[in-house]
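Undergrad: Below: one structure in structure tokens.
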Amino acid sequence: MSNYKFNRIAVKIGSNVLTKSDGMLDIARIEQIVEQVVELHQNGVEIVLVSSGAVASGKAELKPARKMDSVELRQLFSAVGQAKLINCYYDLFRQKNIICGQVLTTKESFGSRRHYLNQQQCMRVMLENNVVPIVNENDTISVTELMFTDNDELSGLIATMMDVDALIILSNIDGIYDGDPNDESSSVIRKIKSSQNLNQYIQTKKSSLGRGGMMTKTRIARKVAKEGIPVFIANGKKDGILIDLLTNENTISTFFEPEPKEISSVKKWIAHSEDFAKGKVVVNEGAKNALLKSEAHSLLPVGIIDVKGNFERYDIVKIEDESGHVLGVGKAEYDSTKIRQLKGQNNQRPFIHYNYLCVEVG
Ligand code: GLU
């Protein structure tokens, strides 16, 4: 048990928090954040950091040898910048006798249950050994179309995967404003309930360095809060912000009130995997009942009545009933062309084997 109100938190740190206006890593800022993490860690709070800043810090380090496209630039900068970033964290934590470790991931690694559980296990083992995981997208090898929208999305996935007690998203402003943050008459919305409509408030402008903006931050924060995890959006440029958030209710931030409902880990995964699903299959009543009745029931082509979208073998697909209700997700054993031919047929190999099928039973 920790001495603070949360036992386990995820903290997302945006590129703009970690870099100075000239694009160089802001070592003093990182040191300040590390000090707070150390204090929390020493008081029993388990922390998973999701840190951006790879591309931004790589950019400040070298000039490309020729004109390059955006993918090449991202690859080059992140390869160099991630090494620099993790070194910086490693040294700073080391000075405080804490060990940190690097976890690089891709969106695709959340698309299969096996990979998902594997990553979860990796971070559990790290926490169990008092190692602070520092997560980032593996920007060097991520395929553009398959990338996370930004690290806010990644932090939401990590928060639910690690079942944290709170997610703190650190940006370079105090929270979500009810108008233009630069306008003096605007103020930070202190609390957001799940039912509240925010469209009128959200700024579509993006920060200069990161990929995200307040739109994705809000979308992710709401999604995570809906899954029962409180979310704070706060200013990472402010000294002591993490400690303040955990000790003082009056600290300026936008707090997304969580919904009380408890949901299972499979459902959490399903909730997020929906974003990765490439297509859908619609199943008949018989298949639906069979899937809902038993954990060990594969989805056979005979139970499929319709196939929507195009997907390849091993992609994640959604399973819907005839009224469009999502029953779950699974890994396709046939591509969309093949299953279109096989749907409704008896005596065929499963379309989704039960080991790779996640249905919310009961
Ligand atoms: N993964 C990117 C980086 O480390 C940041 C993505 C984002 O801006 O959210 O540079």
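Undergrad: In nm, to one decimal, how far is the residue 191 label point from the residue 325 one, both placed 7 Å along Cα→Cβ?
TA: About 3.4 nm, to one decimal.
Undergrad: Rank these for me by crowding, 68, 147, going from fewest to most other beta carbons within 10 Å. Please report the intermediate quantities before stating the final value.
TA: Values: 68 13, 147 18.
With the sparsest Cβ surroundings first, the list reads 68, 147.
Undergrad: Next question. Can you work out the PRE-style zone for residue 130? Point 7 Å along Cα to Cβ, and I want the residues of segment 25-42 with backbone N under 15 Å.
TA: Only 38-42 pass the distance filter.
Undergrad: Follow-up. Over the chain, calculate the relative contact order: mean separation of alpha carbon pairs under 8 Å at least 6 apart, over the residue count, as a percent. Intermediate results must be reported in sequence, preceding the final value.
TA: Working: 741 pairs, mean separation 55.3, N = 362.
The normalised contact order for the chain reaches 15 percent.
Undergrad: While we're on this one: Can you give the FRET efficiency to the nearest 0.05 for residue 289 and residue 121, using r as the Cβ-Cβ distance and R₀ = 25 Å?
TA: Values: r = 33 Å, r/R0 = 1.31.
In this case the efficiency is close to 0.15.
Undergrad: Still on this structure: Of 218, 105, 149, 337, how do they rank once you tally other Cβ atoms within 10 Å and put the fewest first? Please report the intermediate quantities before stating the final value.
TA: Working: 218 24, 105 20, 149 17, 337 12.
Least to most surrounded, the residues fall as 337, 149, 105, 218.
Undergrad: Using the charge dipole of the chain (Lys, Arg: +1 at Cβ; Asp, Glu: -1 at Cβ; taken about the Cα centre), state which of 251, 76, 215 has its Cα farthest towards the positive end.
TA: Sorting the options by dipole projection puts first 76.
Undergrad: When a footprinting reagent is the concern and you count Cβ atoms within 10 Å, what order do 321, 91, 180 take, fewest first? Mind showing how you got there, number by number?
TA: Working: 321 17, 91 14, 180 11.
Least crowded to most crowded, the residues run 180, 91, 321.
Undergrad: Something else: Between 171, 52, 195, find the one with the highest GNM mean-square fluctuation for the chain; connect C-alpha pairs within less than 10 Å.
TA: It is 195.
Undergrad: To the nearest 20 debye, what charge dipole does segment 292-355 have about its Cα centre, counting +1 at the Cβ of each Lys and Arg and -1 at the Cβ of each Asp and Glu? Don't jump to the answer; show the numbers that get you there.
TA: On the way: 9 positive and 9 negative charges, 36 e Å.
It works out to roughly 180 debye.
Undergrad: Towards the positive end of the charge dipole of the chain, with charges on Cβ (+1 Lys, Arg; -1 Asp, Glu), say which of 51, 354, 23 has the farthest Cα.
TA: 354
Undergrad: Moving on to the next point. How large are Rg and Dmax for segment 76-209 when only the alpha carbon atoms are used, in Å?
TA: 17.6, 50
Undergrad: Can you compute the charge dipole magnitude of the chain about its Cα centre, using +1 on each Lys and Arg Cβ and -1 on each Asp and Glu Cβ, nothing else charged? Give it in debye, rounded to the nearest 20.
TA: The calculation lands at about 740 debye.
Undergrad: Continuing with the same structure: If Lys and Arg each add +1 and Asp and Glu each add -1, what is the summed charge of the other residues whose beta carbon sits under 15 Å from the beta carbon of residue 239?
TA: Working: positive: 29, 237, 238; negative: 26, 31, 35, 39, 174, 244.
Result for the neighbourhood of residue 239: -3.
Undergrad: Hey, another quick one. How large is Rg over Rh for the chain, taking Rg from the Cα atoms and Rh as the Kirkwood inverse mean of 1/r across Cα pairs? Before the final figure, lay out the partial values.
TA: Numbers: Rg = 21.8 Å, Rh = 21.8 Å.
Result: Rg/Rh = 1.00.
Undergrad: Work from the charge dipole of segment 102-241 (Cβ charges, +1 for Lys and Arg, -1 for Asp and Glu, about the Cα centre) and give the residue of 141, 102, 229 farthest towards its positive end.
TA: Result: 229, furthest along the dipole toward the positive end.
Undergrad: Roughly what would the spin-label model give for residue 340 and residue 96, points 7 Å off Cα along C-beta, in nm?
TA: It works out to 5.6 nm between the two label points.
Undergrad: Quick check: net charge around residue 334, other residues with Cβ under 13 Å of its Cβ, Lys/Arg +1 and Asp/Glu -1?
TA: Working: positive: 278, 313, 331, 338, 340, 343, 349; negative: 312, 315, 333, 335.
After counting each charged neighbour, the total is +3.
Undergrad: DSSP beta bridges in the chain, what fraction antiparallel, as a percent rounded to 5?
TA: Numbers: 19 of 50 bridges.
Antiparallel: roughly 40 percent of the beta bridges in the chain.
Undergrad: Taking the Cα centre of each part, how many Å lie between segment 308-345 and segment 138-202?
TA: Their Cα centres are 32 Å away from one another.
Undergrad: Distances over 21 Å make up what percent of all Cα-Cα pairs in segment 280-362?
TA: 13
Read-outs throughout are calculated quantities, based only on the coordinates presented, and are distinct from any laboratory measurement. Everything numeric here is computed off the predicted structure, so don't read it as measured data. No Cβ is skipped: glycine too gets one built from the backbone with ideal geometry, and neighbour counts run over all protein chains shown.
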